[in-house]
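Participant: My structure is below; once you've seen it, I'll send some questions.
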Amino acid sequence: MKSNRLNLRKKVFTMVAIFAMLMTATSVFAISPEEEEQQIDTLNHVLLRGSVEDMDNGDPLAFATIAIEGSNIATVSNSKGDFSLKVPKEMTNEKIRISFIGYEKKYVPVTAFKQGRHIVELKMITVPLVEVSVFPSDPNLLIRAVLNRRNENYLTDPTKMTAFYRETIKKGWSYVSLSEAVVEVFKHSYDNPREDRVKLEIGRKSTDYDKLDTLAFKLQGGPYTATMLDIMKDPYLLFDHEMIDYYNFKISNITRIEDRTIYVLSFEQKSNVRIPLFYGKLYIDTQNLAVTRAIFNMNTEDKDEVARMFIRKKPFGARVFPTEASYIVNYRQNDDGKWYFGYSRGQASFKVKWRKKLFNTNYHTTLEMAVTDWEVTDDKPFRGSDRLKMNAIMEDEVSGFSDPDFWGDYNVIEPEQPIESVIKKINRKLSKVED
């Protein structure tokens, strides 16, 4: 039994290590980039901008998938439902497919965006009561079947993916750091245990100097953190066959995505398990038993134990512990019915208590990655000299840029308004200094 507990502890430490924090007493930051100018039309592509909303109440639909029909080019909406998508000129006659779990998918022609920003309204799906009868009788057998069919349901060839990555750090409600990058990801097939490899293509960062104090937060792992959230590539990061017994499972709902019926499988750690684990929901395709989406949180009740998992380094005199850690991963399906990693997002909040100081400081960190294009490849994984290190800190890998066409033809995740405001504010300051 003691050996099992040690095994479990090691696995959980591996999982949360992908969201590790480095806390140091000093920090050096590069200057912020100029605000990117959005070009509606360029030599190579057309930029489409819009938002995804609920048809009935107008609520934004966060992290919806927006894709060019008949291609692997895609992006996701941000937490406010906004999105931008660069469509190659030769594909402007195609339609844009917008999908979201629990809603009817919608096709919008590229020409609909010519009048400016386009609002896409999706209709919520009501699943007929007759379909509720397809509930499996044993949720534990369902999750075991999901793991057993992993190699059948997901890509069986190595792929080279283009992805947009962003990480932010907020002190209180104010952004203090922003790093963005376009990366190439070499992903081995899902039956290959080898880890993904990441190569930096282009990146930038910005920092609001006025918000910095003597403590600097840094995210360790960068884009590797986002790729490791692919729980079907590395199922042991959440739970594998051995760890299933530490959880309670329950089929809590049924819904649809892309005309497919989906089980909603809820899970939480058993009350007698003392090591902090996870709780959340898996969205499972009823036809092939593939996980299409996962939303989960870490149990942070044992603050000291969770702090040991997350914090890699901290200054003397500071007590730091996580107050929240949440994760999302979405999968997409190709024309052959195989699923693949499409989007991941991780958020963590930390409270810093300083010795002999009255007030605490709260930090909020977010990272996300959206796969914007991919193709099957016969190439070998990136060489050591070309790829990012597993413990890389993105903030240390990139610097500020002022090129208005910085992203070129790459698709990126639409920034939220507060992020845009921070960049504009810093740019105004930099312009005054240069004048």
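Participant: Using beta carbons and a limit of 7 Å, which pairs, at least six apart or on different chains, have the first residue in the stretch 82-101 and free of Cβ contacts under 8 Å to residues at least 24 places away in the same chain and the second one open to solvent by less than 20 Å² (accessible area, probe 1.4 Å) and in a strand (DSSP E or B)?
Facilitator: M91/I68
Participant: Please find, within the stretch 233-261, the residue that is surrounded by the most Cβ atoms within 10 Å (Cβ to Cβ) out of those that are of a type in the set (A, V, I, L, M) and not in a helix (DSSP H, G or I). Give the steps one after another, and end with the answer.
Facilitator: Pass one, the stretch 233-261, residues of a type in the set (A, V, I, L, M): 237-238, 243-244, 251, 254, 257.
Filter again for not in a helix (DSSP H, G or I), leaving 238, 251, 254, 257.
Values: L238: 24, I251: 17, I254: 18, I257: 22.
The extreme case among them is L238.
Participant: Quick check on my filter: what residues within the stretch 287-299 are open to solvent by 10 Å² or more (accessible area, probe 1.4 Å) and either under 21 Å from D240 (Cα atoms) or acidic (D, E) (or both)?
Facilitator: N288, L289, R293, I295, N297, N299
Participant: Need a quick list: strands (runs of 3 or more DSSP E) entirely within the stretch 101-207 having at least 1 residues that are farther than 24 Å from V46 by Cβ and either open to solvent by 70 Å² or more (accessible area, probe 1.4 Å) or modelled with pLDDT under 90 (or both).
Facilitator: Those strands (runs of 3 or more DSSP E) span 159-171, 174-187, 197-207.
Participant: Name the single residue that is farthest from the chain's Cα centre (by Cα) among those in the stretch 75-87 being in a loop (DSSP other than H, G, I, E, B) and within 17 Å of K105 (Cβ to Cβ).
Facilitator: Looking at the filtered set, the residue picked out is G81.
Participant: Identify all residues within the stretch 221-232 that are touching a helix residue (DSSP H, G or I) at 6+ places or on another chain (Cβ under 8 Å), modelled with pLDDT of 85 or more and in a loop (DSSP other than H, G, I, E, B); write none if there are none.
Facilitator: Within the stretch 221-232, L229, I231, M232 meet the criteria.
Participant: Those residues that are farther than 19 Å from I251 by Cα and open to solvent by less than 20 Å² (accessible area, probe 1.4 Å), I need them from the stretch 274-286; list them, please.
Facilitator: Passing the criteria: I275, P276, L277.
Participant: Another question about this same structure. Can you tell me which residues in the stretch 327-371 are β-branched (V, I, T) and farther than 20 Å from E395 by Cβ? Full working, then the answer.
Facilitator: Initially, the stretch 327-371 is screened for residues β-branched (V, I, T), giving 328-329, 352, 361, 365-366, 371.
The answer is I328, V329, V371.
Participant: Something else about it: Might you check whether a residue that is open to solvent by 60 Å² or more (accessible area, probe 1.4 Å) and within 30 Å of Q287 (Cα to Cα) occurs anywhere in the stretch 353-371? Even if it seems obvious, please write down each step before you answer.
Facilitator: So in the stretch 353-371, the residues open to solvent by 60 Å² or more (accessible area, probe 1.4 Å) come out as 353, 355-360, 362.
Filter again for within 30 Å of Q287 (Cα to Cα), leaving none.
No, the stretch 353-371 has no match at all.
Participant: Show the residue pairs that are 6+ apart or on different chains and have beta-carbon atoms under 8 Å apart, the first residue being within the stretch 62-75 and over 12 Å from A163 (Cβ atoms), the second being among the basic types (K, R) and in a loop (DSSP other than H, G, I, E, B).
Facilitator: Listed pairs, sorted by first residue: A62/K80.
Participant: Also, I was wondering about something else. Can you say whether N72 is polar (S, T, N, Q), open to solvent by 10 Å² or more (accessible area, probe 1.4 Å), within 20 Å of the chain's Cα centre (by Cα) and closer than 17 Å to Y331 by Cα, as far as the supplied structure shows?
Facilitator: Here the answer is yes, as N72 does meet what is asked.
Participant: Any residue that is small (G, A, S) and either open to solvent by 20 Å² or more (accessible area, probe 1.4 Å) or at pLDDT 85 or above (or both) - is there at least one of those in the stretch 388-397?
Facilitator: First pass over the stretch 388-397, keeping only residues small (G, A, S): 392.
If we keep only those that are either open to solvent by 20 Å² or more (accessible area, probe 1.4 Å) or at pLDDT 85 or above (or both) too, we end up with none.
No: zero hits.
The values are calculated or read from the model by the stated rules, or taken from the named source; none is laboratory data. Everything quoted here is computed from the prediction, not taken from an experiment. Counting neighbours? That spans all protein chains shown, and the Cβs are built from the backbone with ideal geometry, glycine included. Side chains included, ligands, DNA and RNA excluded: accessible areas come from the protein's heavy atoms. Shrake-Rupley method; radii C 1.70, N 1.55, O 1.52, S 1.80 Å.
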